[in-house]
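Beneath this line is the structure, given in structure tokens, with notes to follow.
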Protein chains: 2
Amino acid sequence: MKKPCNCPHTHPKQELSSLTTRLRREARKITGPRAAILEILHQHRHPLTNKEIHAELPKGECDLATIYRAMQMLEKLGMVKRFDFGDGVARFELVVEGDDGHHHHLICTQCAQVVEIGECFPAEIEHRIARQNGFRAVTHRLEFFGVCPDCQK
Amino acid sequence: MKKPCNCPHTHPKQELSSLTTRLRREARKITGPRAAILEILHQHRHPLTNKEIHAELPKGECDLATIYRAMQMLEKLGMVKRFDFGDGVARFELVVEGDDGHHHHLICTQCAQVVEIGECFPAEIEHRIARQNGFRAVTHRLEFFGVCPDCQK
DNA sequence: TTTTAATTGCAAATCATTTGCAATTAATTG
DNA sequence: CAATTAATTGCAAATGATTTGCAATTAAAA
């Protein structure tokens, strides 16, 4: 379950400083480890596991436990979104300010390649499901799985 | 994350024997622990965790490791379907013969009550997603979360 | 009933994630 | 800029779910 992320895509420059601003706003310290973690998340568009983030950091830069703690905090602040691909490992993606980060992925079951999906579960159907069962504040967790072009060869 | 399953619903009688038949067909032994596990799954319509299954069994009836092994095997044979509610614990449901068991749930984030959902992600949209990305054999994992009627009070 | 391969119990091993705690440090204050 | 303080970190140990090695047991075939 891994694949080098050779995408040169980085998020808009502005974002990084806005991230530290957001942290400060919450009375949180901008520490070396945190800046480094945000930097890594910033350079990858795909969800990363804590272990992957740890591996990206210069050796000894930051403890794995610190990354776990940072992700918990960032998630609580809504700066990061947690994804579950069903393999028992949490993955995280930076969330653009003002957005809730809700979206889905298409994952290759052979090589774990991840594609971000624009589609979402139809809101009308979700509302109907909520109504029919008397539930409130209904959302969903949705991920697609299949075999990518490369792995079909 | 638990709730007594006070549903008297059991699956059609016929099923149980057909289950053992299926096992035999696969050159698998019908052992006490396995029969007991199938019996438990048979009496519950909601997904159960291995620990819950273990708790349902008469004390000392069967080791937890045996249940883990049995579920792995039953899943491979397609007799059981694994569900992931995102809380780090696997849940299983018996699959009706001839069916693939694909369906979804609506889970209360407060009391963990589970409702089985009839709706599914629209096939046309899924096909489009597969096509647009060149993926084959695409499926999805989908669960809904919200606050149930009881927990709204 | 014998033979044999599948299965089980039990303990130890894995893995991801969390946590206690003392040492370190960012940010504030004077 | 130095002192003060609460937040943060590293490290090791603790958790929890799940897996695995292995010797003893047992279902099913012969």
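Applying the selection to segment A:115-149, what residues are over 24 Å from the mean Cα position of the chain (by Cα) and either under 23 Å from A:Thr49 (Cα atoms) or assigned to a strand (DSSP E or B) (or both)?
Correct list: A:Arg136 only.
Is segment A:58-67 home to any residue that is assigned by TED's automatic domain parsing to the domain that holds A:Leu19 and either open to solvent by less than 30 Å² (accessible area, probe 1.4 Å) or in contact with a strand residue (DSSP E or B) (Cβ under 9 Å, 6 or more places away or on another chain) (or both)?
Within segment A:58-67, one or more residues are assigned by TED's automatic domain parsing to the domain that holds A:Leu19 and either open to solvent by less than 30 Å² (accessible area, probe 1.4 Å) or in contact with a strand residue (DSSP E or B) (Cβ under 9 Å, 6 or more places away or on another chain) (or both).
Which residue out of A:Gly146, A:Gly118, A:Gly134, A:Gly101 is open to solvent by less than 10 Å² (accessible area, probe 1.4 Å), of a type outside the set (A, V, I, L, M, F, W, C), more than 16 Å from DNA strand D (Cβ to nearest atom) and out of contact with any Asp or Glu (no Cβ under 8 Å at 6 or more places or on another chain)?
Matching residue, one of A:Gly146, A:Gly118, A:Gly134, A:Gly101: A:Gly146.
Determine the pairs where a residue that is within 16 Å of A:Phe144 (Cα to Cα), located within segment A:73-93, has a partner that is in a loop (DSSP other than H, G, I, E, B) and within 10 Å of DNA strand C (Cβ to nearest atom) with Cβ atoms under 7 Å apart, the partner being 6 or more residues away or on another chain.
A:Asp87/A:Met1
Does B:Gly134 qualify as being at the interface with chain A (Cβ under 8 Å from one of its Cβ atoms), more than 21 Å from A:Ala123 (Cα to Cα), free of Cβ contacts under 8 Å to residues at least 24 places away in the same chain and out of contact with any helix residue (DSSP H, G or I) (no Cβ under 9 Å at 6 or more places or on another chain)?
So B:Gly134 does not fit the description; no.
Given the conditions (1) within 14 Å of DNA strand C (Cβ to nearest atom); (2) touching a Leu at 6+ places or on another chain (Cβ under 9 Å); (3) of a type outside the set (Phe, Trp, Tyr), which single one is not true for B:Gly32?
So the condition that B:Gly32 fails would be (2).
Take the residues in segment A:137-153 that are within 7 Å of chain B (Cβ to nearest Cβ) and free of Cβ contacts under 8 Å to residues at least 24 places away in the same chain; name whichever of them is farthest from A:Arg82 (Cα to Cα).
A:Gln152
If B:Glu124 satisfies all but one of (1) closer than 14 Å to A:Pro122 by Cα; (2) at the interface with chain A (Cβ under 7 Å from one of its Cβ atoms), what's the number of the condition it fails?
With respect to (1) closer than 14 Å to A:Pro122 by Cα; (2) at the interface with chain A (Cβ under 7 Å from one of its Cβ atoms), B:Glu124 is out only on (2).
Can you confirm whether B:Thr109 is over 14 Å from the mean Cα position of the chain (by Cα), of a type in the set (Val, Ile, Thr), within 16 Å of DNA strand C (Cβ to nearest atom) and more than 7 Å from chain A (Cβ to nearest Cβ)?
It is false that B:Thr109 is over 14 Å from the mean Cα position of the chain (by Cα), of a type in the set (Val, Ile, Thr), within 16 Å of DNA strand C (Cβ to nearest atom) and more than 7 Å from chain A (Cβ to nearest Cβ).
Output the qualifying pairs, or none if there are none: Cβ atoms under 7 angstrom, residues six or more apart or on different chains, first residue in segment B:39-54 and more than 14 Å from B:Arg82 (Cα to Cα), second residue assigned to a helix (DSSP H, G or I) and away from DNA strand C (no atom under 16 Å from the Cβ).
Between residues of segment B:39-54 that are more than 14 Å from B:Arg82 (Cα to Cα) and residues that are assigned to a helix (DSSP H, G or I) and away from DNA strand C (no atom under 16 Å from the Cβ), the close pairs are B:His42/B:Glu15; B:His42/B:Leu16.
The values are calculated or read from the model by the stated rules, or taken from the named source; none is laboratory data. As the structure is a prediction and not an experimental result, all values here were calculated from the model. All Cβ positions, glycine included, derive from the backbone under ideal geometry; neighbour counts span all protein chains shown. The area values use the complete protein model at the heavy-atom level, side chains included, leaving out ligands, DNA and RNA. Shrake-Rupley method; radii C 1.70, N 1.55, O 1.52, S 1.80 Å.
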